[in-house]
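A quick write-up on the structure given underneath.
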């Protein structure tokens, strides 16, 4: 049994021995996930890239490692009282799995943006041992309510990332990588939310392979660990973009921060649009169904390590192998319309305009023949004819054949008699489109 006494952790650190203890607790519970070569990413950036496939883990995420490790340490009395947790979905599935296998009742607080697919999986995994509470707000709001409920009821709060036993459980990925990764591995890219995953991996790796760089990757809209490192301590973000739901954490964990500060070589930030492009390529080329957080690491590889100079500076080697942790694959298929939309806009291939047409026959035909280029395609058109008006605006979405075609399209719009207003990337109009 994985007991608190068997851990040599302080309130501020986790050791490789702790990870070994967690590994014994998880034996027969979790899978040793595959580390495989990605031909696409290798060809794209010019250096060997390997994917650590935690999307193939039980519950389709690494989170089951930390959740089960933590809950296996519960005393008989704690198991009788039950547990409480908060999660964007993957930690909840790990807790639900542990509840089902250990016979423990659990209450799970979920932010309202948690995909329906994850909610259904939680219910299937946990059965009647798990209750879901949906919170209107972000993960941080759900987390606060969960901790309050745990205090009020005397139940154990199972933290998703800022607990030594949870971190030790996630660190078993690092222990596997030590045995799996090539000798020429120069860096490991790890998604970062609260910091538990990268803390565990760094604890394992820096003990056995200190020359290998451990680099975190966060989404631009929820870069809480980068903000903490810049400030010198965890600080709350003013706002959190919930799109990359698995890492949408407003404040980095304090215990995780200390480990990251001491052991992690860098934390990089990538835009959500780049994550969407990588999600689509992972699916179409690699056959990997990754959730947004699961595509963070490989997004950073293709975006920030695409030249020998960049790799030498960030990864420590221009030609060494790069490992990307695919942290999870719990993606709701209904989100792919938004994923495609964000990707095309990020790549500069989709643009939106307000076009004022005269309410005369042939106005649209003139736009099609005189303004659109040969490879331009209208993908969105909203127009309602108004009585007793000479003109009417239309919202027009256009896909380009190439990114640079936008320059010619803008010139032709300026030369036309139409009044055209391009919709900026920060416009509230986009809320109507996805």
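Derivation of every value follows stated rules applied to the coordinates shown; laboratory data play no part. From a predicted model like this one, the values you see are computed outputs, not experimental measurements. Cβ coordinates were reconstructed from backbone atoms using ideal geometry, including for glycine residues, and neighbour counts include every protein chain displayed.
Below, the figures for the structure above:
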read-out: The chain, relative contact order in percent, only Cα pairs under 8 angstrom and at least six apart counted; value: 16 percent
read-out: Most to least packed among 64-72, 241-249, 14-22, 364-372 [average Cβ atoms within 10 Å]; value: 64-72, 241-249, 14-22, 364-372
read-out: Packing-based exposure ordering (other Cβ within 10 Å, fewest first) of 186, 324; value: 186, 324
read-out: Beta bridge orientation in the chain: antiparallel %, DSSP, nearest 5; value: 45 percent
read-out: D (Stokes-Einstein, µm²/s), Kirkwood Cα radius, the stretch 132-190, 1.306 mPa s at 10 °C; value: 110 µm²/s
read-out: Among 152-163, 408-419, the order from most to least packed when residues are scored by Cβ within 10 Å on average; value: 152-163, 408-419
read-out: Percentage relative contact order, the stretch 348-432, counting C-alpha pairs under 8 Å, at least six apart; value: 43 percent
read-out: Sorted peptide list for 46-57, 106-117, 125-136, 228-239, criterion being average Cβ within 10 angstrom, highest first; value: 46-57, 106-117, 125-136, 228-239
read-out: Calculated diffusion of the stretch 63-164, Stokes-Einstein form, Kirkwood radius summed over Cα pairs, 25 °C and 0.890 mPa s, µm²/s; value: 189 µm²/s
read-out: Equivalent ellipsoid semi-axes - Cα gyration tensor, the stretch 348-432, angstrom; value: 21, 16, 11
read-out: Helix axis angle, 254-263 relative to the chain longest principal axis, alpha carbon, degrees; value: 90 degrees
read-out: Rounded tilt (10° steps) of 116-126 against the dominant C-alpha axis of the chain; value: 20 degrees
read-out: Max mean-square fluctuation residue, GNM over the chain, Cα-Cα springs under 10 Å, options 195, 137, 424; value: 424
read-out: Relative contact order of the stretch 261-338, pairs being alpha-carbon contacts under 8 Å that are 6 or more residues apart, as %; value: 30 percent
read-out: 0 to 90° range, to nearest 10: angle between helix 90-102 axis and the chain longest Cα axis; value: 30 degrees
read-out: Fewest-first sequence of 340, 181 by Cβ atoms within 10 Å of each Cβ; value: 340, 181
read-out: Dimensionless Rg over Rh [the stretch 239-397; C-alpha; Kirkwood]; value: 1.14
read-out: All Cα pairs of the stretch 244-317, percent lying beyond 20 Å; value: 43 percent
read-out: Rounded Å value of the spacing that divides the Cα centres of the stretch 121-172 and the stretch 289-317; value: 31 Å
read-out: Helix-only mean residue ellipticity at 222 nm for the chain, each DSSP H run of n ≥ 4 adding -39500 (n - 2.57), per residue, nearest 500; value: -11500 deg cm²/dmol
